[in-house]
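What follows is a set of notes on a single structure, which appears directly below.
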Amino acid sequence: MTRGKLRRLCALVAAVLSVSLVATACGGRTASTDTGQESKTIKIGYIAWDEDIALSNLAKAQLEAKGYKVELHQLDAAPLYSGLAKGEIDLFLDAWLPSTHEDYWNQYKDQLEDLGVWYDNATLNLAVPQSVADVNSIEDLKAHAAEFGGKITGIDPGAGETRIIQDNAIPQYDLASSMTLQNSSSTAMLAALDTAVKSNTPIVVALWHPHWAYSRYQLKDLADPKGAMGKGEQLHVLGRKNFGKDFPALTKSLQALKVNDEQLGSLEDAIQKAGEGKEADAVKQWAEQNKAFVDSAFAGV
């Protein structure tokens, strides 16, 4: 080989190595952080539901304390599932199955990993204040629609419960001519509920278990003799494709994670009382008060 050819070959090798190093330095995904040898950010997507806000913030605090880099991204359900399927989001801790998120699961399940169930007593409900004495079933709403201004106060338009109320409950109980589902957000629904309870005004809202509202207000779930709101559901942890391979220790902990009503309710309540923007402080204080649970839940990570 001539010196000229050798110089050209060396230049080519140097260029290839330079591109490779730049790509790595610019943030390309690297090997698993579970080995402790590489650094990798875990992107947790969450929807603005209280149990998801609570658990996602708790996971972020505990994982960062153990050396992980964690980003939280609040999204509506549709872009969250899409991002998870594309690998743009790594983890989602609040998948309601088999009913609420059924459409998203059926669409994307081949690109996702189900990492287990952490809560198995979830229900979707239409609820009213206990002071509304003459309405005890969804069947009663039609005759008493005027008391509620002819509306059901709903949550996010893209939420699975929204679809279930609109497509199942309203037609099955013949409410279309007397009541309208008004959607906005979970935050707006809770604000309307708070105002109605304080002013002793009748209101019917889209709600669910688990939720801190049941401990703060005196509410009752309307009976659902037709089963329009669906049966009890489970809350799953979902990961992007190959999440288990990339994070074997964390996956093992997530698969074993179990949270009961008392634990979740107290965590949600702590975050609510702390106020928006102070979730990290609330989670830190709660974790200190519930050290045995936290240590067990994230053991081995």
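The values are calculated or read from the model by the stated rules, or taken from the named source; none is laboratory data. Please read these numbers as outputs of a predicted model, since none were measured by experiment. We place every Cβ from the backbone using ideal geometry, glycine too, and count neighbours over all the protein chains shown. Heavy atoms of the whole protein, side chains included, go into the accessibility calculation; ligands, DNA and RNA do not. Shrake-Rupley method; radii C 1.70, N 1.55, O 1.52, S 1.80 Å.
Is the range 223-301 rounded, prolate or oblate when judged by the Cα gyration tensor, a ≥ b ≥ c being the square roots of its eigenvalues, rounded requiring a/c under 1.5 and prolate requiring a/b larger than b/c? Oblate, since a/c reaches 1.5 and b/c is not below a/b. Need one word for the range 96-145: rounded, prolate or oblate. Basis is the Cα gyration tensor (sqrt eigenvalues a ≥ b ≥ c); a/c below 1.5 gives rounded, then a/b vs b/c decides. Prolate is the answer for the range 96-145, as a/c is 1.5 or above and a/b outweighs b/c. Per-residue Karplus couplings for the range 63-73, computed as 6.51 cos²θ - 1.76 cosθ + 1.60 with θ equal to phi - 60°, are listed in order as 5, 5, 5, 9, x, 6, 9, 10, 10, 9, 10 Hz, Gly and Pro entered as x.
Each label was represented as a point 7 Å from its Cα along the Cα-to-Cβ direction; for residue 120 and residue 281 these points are 3.9 nm apart. Using a probe of 1.4 angstrom and keeping all protein chains present, the accessible surface of the chain works out to 49 square angstrom per residue. Comparing Cα centroids, the range 94-158 and the range 207-245 end up 7 angstrom apart.
The DSSP beta bridges internal to the chain are antiparallel in roughly 60% of cases.
With the convex hull of its Cα atoms as the shape, the chain has an orientation-averaged projected area of 19.5 nm². Using the Stokes-Einstein relation with a Kirkwood hydrodynamic radius computed over Cα pairs, the translational diffusion coefficient of the range 160-301 at 4 °C and a viscosity of 1.567 mPa s comes to 71 µm²/s. Just checking the listed ones, 237, 128, 259: in the Gaussian network model of the chain with Cα springs under 10 Å, the one fluctuating most is 259. For the chain, which whole percent of the accessible surface, found with a 1.4 angstrom probe, sits on carbon and sulfur atoms? Here carbon and sulfur together make up 50 percent of the probe-accessible area.
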